[in-house]
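Worksheet: one structure, shown below.
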Amino acid sequence: MDSILVRGGSELHGSIPISGAKNACLTLMPAALLTEEPLTLTNAPRLSDIRTMRALLESLGCEVASLQDGRVLVVGTEKITSCRADYEIVRKMRASILVLGPLLAREGEAVVSLPGGCAIGARPVDMHLHGLEALGAALELRDGYIHASARNGLKGAEVEFPVVSVGATENILMAATLAAGTTVLRNAAMEPEIVDLATCLRRMGARIEGDGTGIIVVEGVARLGGATHAVVADRIELGTYMLAPAIAGGEVELVGGRIDLVRAFCEKLAATGVEISETANGLLVSRGNGALKPVDVTTAPHPGFPTDLQAQMMALLTLASGVSRLEERIFENRFMHAPELARMGADIEVHGGVATVTGVDRLRGAPVMATDLRASVSLILAGLAAEGETRVARVYHLDRGYEHLEHKLSVCGANITRIDGGRQ
């Protein structure tokens, strides 16, 4: 397996382009199942998860063309040839569950394996199933698969999610576009990826109001058409690279970055003493004078602090002058990076869903192991500031969500290289 070697101590200066959002693109691609006409997605990220979703869609009968070196995806689904999403593909990525709603809406049936993905808690699909049942689907869990049917089509209904779920909101929103009548989603997720999906669906002919709020109203239509849509900038990649000069020192411009995508994160980052300003091309981030200040962070659904930036923020706070507290309220088991940061000299105590971080003067390079996508990049960030060498193993996690990370950091002055798994 590949690993990444980071030699710390170099300040970062330059610019980093922000890619299209992985989580948005993984939702937009299944939306192509809703129409017989092609859906063209521009600003697509080039990631292993995108390739996995492409393989899944092709197994269902989609034709996917990759243009402009992978930046443009054209997904055509003139005919769905299979309504079965097999375990061998679905197990690789949780976003695979997002084919369930579109298949059911267009074909009236679907057989989808229970999904896999990062080991950061159970993340059940109960709310996806609850929403589809409300729309009239008959569901059965058998042999690790969801067997769903709606022989007479889906019907509009009121769906209230017991807790906010991005994936469930996306799945039910897509299904509702072709359901007869009106569907109201209450306690819906408000993430930018939801707004991006709704914008794309409207371009395809869907009738949707309220996206970006907790109540989304969908008037079902008989059919959807093709469209061209630019994938929104990746707010998690943006936040991650904003932390790079914050932890290593220096000044970096994030091209394509927008504060409105990461406002709660920006507020906490600024509170540590990091300077953030808007430019004509994006955002400029620099390490202010003096020691980093500690802050308390609680993850929450959008517009709160993103759980997908918690691990990276923890890496920064290991060097803050004082005690910080991070509370994880979205996923259990999402502090698995803490013991690896401790191997680098961090002072972290974890009790349940709360991590207490006492800042240290310096981190030391060490061999560490990535446990999930965001944990992997938190260790690389820590390595940028650590004395000596940090070798991060199991970086296949990283490749699921960060496009050419080594290149983007190295052009700004980071000493970072990928070590081929065949080399010792």
Open item on the list: I'm told residue 348 meets every condition in (1) under 10 Å from residue 311 (Cβ atoms); (2) over 25 Å from the mean Cα position of the chain (by Cα) except one. Can you identify the failing condition by its number?
Closed with: (1)
Task: Close pairs (8 angstrom Cβ cut-off, 6 or more residues apart or separate chains): within 21 Å of residue 360 (Cβ to Cβ) and modelled with pLDDT under 95 in region 320-345, of a type in the set (A, V, I, L, M) and surrounded by fewer than 16 Cβ atoms within 10 Å (Cβ to Cβ) anywhere - done: 336/119
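If you check residue 217 against the conditions, is it farther than 21 Å from residue 296 by Cα, part of a strand (DSSP E or B), outside the structural domain of residue 305 (by TED's automatic domain parsing) and of a type outside the set (Phe, Trp, Tyr)? Lay out the reasoning, then the answer.
On the way: farther than 21 Å from residue 296 by Cα: yes; part of a strand (DSSP E or B): yes; outside the structural domain of residue 305 (by TED's automatic domain parsing): yes; of a type outside the set (Phe, Trp, Tyr): yes.
Against the criterion (farther than 21 Å from residue 296 by Cα, part of a strand (DSSP E or B), outside the structural domain of residue 305 (by TED's automatic domain parsing) and of a type outside the set (Phe, Trp, Tyr)), residue 217 qualifies.
Do we have any residue at all in region 259-278 that's aliphatic (A, V, I, L, M) and in contact with an Asp or Glu (Cβ under 9 Å, 6 or more places away or on another chain)? I'd like the intermediate steps shown before the answer.
Looking only at region 259-278, we keep the residues that are aliphatic (A, V, I, L, M), and these are 259, 261-262, 264, 269-271, 274, 276.
Keeping just the survivors that are in contact with an Asp or Glu (Cβ under 9 Å, 6 or more places away or on another chain) gives 259, 261.
Within region 259-278, one or more residues are aliphatic (A, V, I, L, M) and in contact with an Asp or Glu (Cβ under 9 Å, 6 or more places away or on another chain).
Please go through region 230-248 and pick out each residue that is buried (at least 22 other Cβ atoms within 10 Å of the Cβ) and assigned to a strand (DSSP E or B). Step through it out loud before you land on a result.
The first filter runs over region 230-248 and keeps only residues buried (at least 22 other Cβ atoms within 10 Å of the Cβ), leaving 231-248.
Within region 230-248, 233 is the sole residue that qualifies.
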- [ ] Name every residue in region 317-327 that is buried (at least 24 other Cβ atoms within 10 Å of the Cβ) and either assigned to a loop (DSSP other than H, G, I, E, B) or touching a helix residue (DSSP H, G or I) at 6+ places or on another chain (Cβ under 7 Å) (or both), in order of residue number.
- [x] 318, 324, 326
Task: Which listed residue is in the same structural domain as residue 174 (by TED's automatic domain parsing) and either farther than 28 Å from residue 108 by Cβ or within 19 Å of the chain's Cα centre (by Cα) (or both), from 71, 84 - done: 71
- [ ] Please identify the pairs in which a residue from region 149-168 that is touching a residue at least 12 places away in the same chain (Cβ under 8 Å) has its Cβ atom under 7 Å from the Cβ atom of a residue that is surrounded by fewer than 19 Cβ atoms within 10 Å (Cβ to Cβ) and among the hydroxyl-bearing types (Ser, Thr, Tyr), counting only partners at least 6 apart or on another chain.
- [x] 156/182
- [ ] Please indicate, with yes or no, whether at least one residue in region 153-164 is within 22 Å of the chain's Cα centre (by Cα), buried (at least 23 other Cβ atoms within 10 Å of the Cβ), closer than 14 Å to residue 213 by Cα and not charged (D, E, K, R).
- [x] no
Task: Members of region 366-394 found to be modelled with pLDDT of 95 or more and surrounded by fewer than 22 Cβ atoms within 10 Å (Cβ to Cβ), listed by number - done: 366, 367, 387, 388, 389, 391
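Please find, among 274, 255, 285, 221, the residue that is touching a Leu at 6+ places or on another chain (Cβ under 8 Å), β-branched (Val, Ile, Thr) and surrounded by fewer than 21 Cβ atoms within 10 Å (Cβ to Cβ).
On the way: 274 fails: surrounded by fewer than 21 Cβ atoms within 10 Å (Cβ to Cβ); 255 fails: touching a Leu at 6+ places or on another chain (Cβ under 8 Å); 285 fails: surrounded by fewer than 21 Cβ atoms within 10 Å (Cβ to Cβ).
From the options 274, 255, 285, 221, the qualifying one is 221.
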Task: Residue within region 89-96 that is surrounded by 16 or more Cβ atoms within 10 Å (Cβ to Cβ), touching a Phe, Trp or Tyr at 6+ places or on another chain (Cβ under 8 Å) and assigned by TED's automatic domain parsing to the domain that holds residue 37 present - done: no
Open item on the list: Name the residue that is nearest to residue 104 (Cα to Cα), counting only residues in region 178-188 that are among the small types (Gly, Ala, Ser) and crowded, with 23+ Cβ neighbours inside 10 Å.
Closed with: 179
Task: Conditions (1) assigned by TED's automatic domain parsing to the domain that holds residue 46; (2) in contact with a strand residue (DSSP E or B) (Cβ under 8 Å, 6 or more places away or on another chain); (3) surrounded by 23 or more Cβ atoms within 10 Å (Cβ to Cβ); number of the one not met by residue 209 - done: (3)
Task: Residue that is of a type in the set (Lys, Arg) and either under 30 Å from residue 275 (Cα atoms) or touching a Lys or Arg at 6+ places or on another chain (Cβ under 7 Å) (or both), where the choices are 258, 223 - done: 258
- [ ] Determine which single condition residue 373 fails, assuming it passes every other condition in (1) touching a strand residue (DSSP E or B) at 6+ places or on another chain (Cβ under 6 Å); (2) closer than 22 Å to residue 402 by Cβ.
- [x] (1)
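The values are calculated or read from the model by the stated rules, or taken from the named source; none is laboratory data. Note that the structure is predicted; figures quoted are calculated from it, not measured. Cβ coordinates were reconstructed from backbone atoms using ideal geometry, including for glycine residues, and neighbour counts include every protein chain displayed.
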